[in-house]
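Please treat every number below as a calculation from the coordinates, not as lab data. Small disclaimer: the values here were computed from a predicted structure and weren't measured. Note: ideal-geometry Cβ built from the backbone for every residue, glycine included; neighbour counts use all protein chains shown.
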Amino acid sequence: MIQPRRLSGVSFETVAASPRGELPRTDVAALVGYTSAGPFDLPVRVLDSVQLASIFGEEPVDSGVGDGLLASAARAYFRNGGEAVWIVRAGAPSEASRVALPGLLSVGASGGLAPCWMRARSPGTAFDQLRVTTELTFDSRGAGTLIAEASSEIADARFTLDARAGAPLGEGELILMSLGDHALYGVVERAHPNNRCPLSSLHRVTPLALSELLEPEPVLWTAPGERLALTFTSHEGGACLLSRPPPGTPKDWPNRLAPGDVIELGSGCYGVLDEVAPGANSALVQLRAFRVERLRSVLSLGGAIRALPSLRRLELTVNTLSPGGADLRVSGLGFHPSHPRALLALPNDDALYGARPPEGREALYEAVRHPRFPLADRDATGA
């Protein structure tokens, strides 16, 4: 018998595979059903009852075809030792409810002002009684100089903010500038190493006494989804009477007025309702009036260069409170879309759970993920 040839110093040994110490997990479940919040037709991985309530709502709801028992089933699953469950919300999506942000106004494409409103992060009854408050934070950035630079057309002047003495300014930040009795608001168009930043827009806001108003007729009341022409009459003590709506107006219109609503007074003047006392077919209100003017000319500042004794950066905090739910808040929000934490970039559920965050929005998405913040951009895109 011929012996196989052996190579010096080389040997072969067969080792049997050891049995696996752990079996594949069998405790990952999937549930499909009706909930009071959350994305539709999109599987979301949930790890505990707290996360379940944060995303899909606290209690089962009437789905229209029967009681939604998904939340109860998921909680029972976690109580029995389950560690992860994939939830899919079933049903026909409807329009998410809208919520006005008190104390904030938005600038429209035509330059007019209107209430600033947002949408709930998803359709559902979980947001029917949502309450919202806002807070402004003023961060001092020292002094500076505002430079008006004439372009080829004098009516389209460019403004630059020279804030070298203060802390660095970031793209999209809203800056409040003091100039005598006026307040100037500008948005940093882009950051600059030397803090010499161009402004993408500049508005001057001037408070007005009611005696300065010409009491135009009619004025326009604007609320989310509603516009109504009303007669405006001044009263003593800073009160005003809104009355005589056009024919066909619902009789309960005085009860629809609310603090924070906007009254367009004409000629670039606006009023914000502070107090409302509804009557039978009229409403007695207290309002704050002001004129808003976008500065488009070098001459509008009364000079090419103006010293600014005070520069302050404005940031927004939004607080929400649901009945029986937690008080949630998101801080450090910006007002302009180019800000990395822009208010109007808050994602809805489809954007948060169905896609990756847009570049530069990663920190904002994480801030609203857990616990899940209930508001989203009015267009519900989160882009």
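At full extension, V15 and R75 could sit 16.9 nm farther apart than now, given 0.36 nm per residue minus the alpha carbon distance.
Counting neighbouring Cβ atoms within 10 Å and putting the fewest first, the residues V285, V15, V262 line up as V15, V262, V285. Each residue in I147, I263 was given a count of other beta-carbon atoms within 10 angstrom of its own, and listing them fewest first yields I147, I263.
Per q in 0.13 Å⁻¹, report the Debye log10 I(q)/I(0) for the stretch 210-287, using one uniform scatterer on each alpha carbon and no solvent. Evaluating at q = 0.13 Å⁻¹ gives log10 I(q)/I(0) of -0.32.
The slack in the chain from S331 to H203, taken as 0.36 nm per residue of separation less the alpha-carbon distance, amounts to 43.6 nm. The modelled label-to-label distance between S234 and R288, using points 7 Å beyond Cα along the C-beta direction, is 1.9 nm. Dipole check for the stretch 28-89: with +1 at the C-beta of Lys and Arg, -1 at the C-beta of Asp and Glu, and the Cα centre as origin, the magnitude is about 160 Debye.
Averaging the sequence gap over all C-alpha pairs within less than 8 Å and six or more residues apart, then dividing by the number of residues, gives the stretch 210-287 a relative contact order of 28 percent.
Simple point charges give the picture: +1 on the Cβ of Lys and Arg, -1 on the Cβ of Asp and Glu, and for the stretch 210-287 a dipole about the Cα centre of about 300 debye. For the stretch 28-89, the calculated P(r), taken from all Cα-Cα distances in 5 Å bins from zero up to the bin holding the longest distance, is 4, 21, 35, 26, 10, 3, 0 percent. For the pair D128 and E83, the difference between a 0.36 nm per residue extended length and the Cα-Cα distance amounts to 13.1 nm. Here the residues W86, W117, ranked from fewest to most Cβ neighbours within 10 Å of their Cβ, fall in the order W86, W117.
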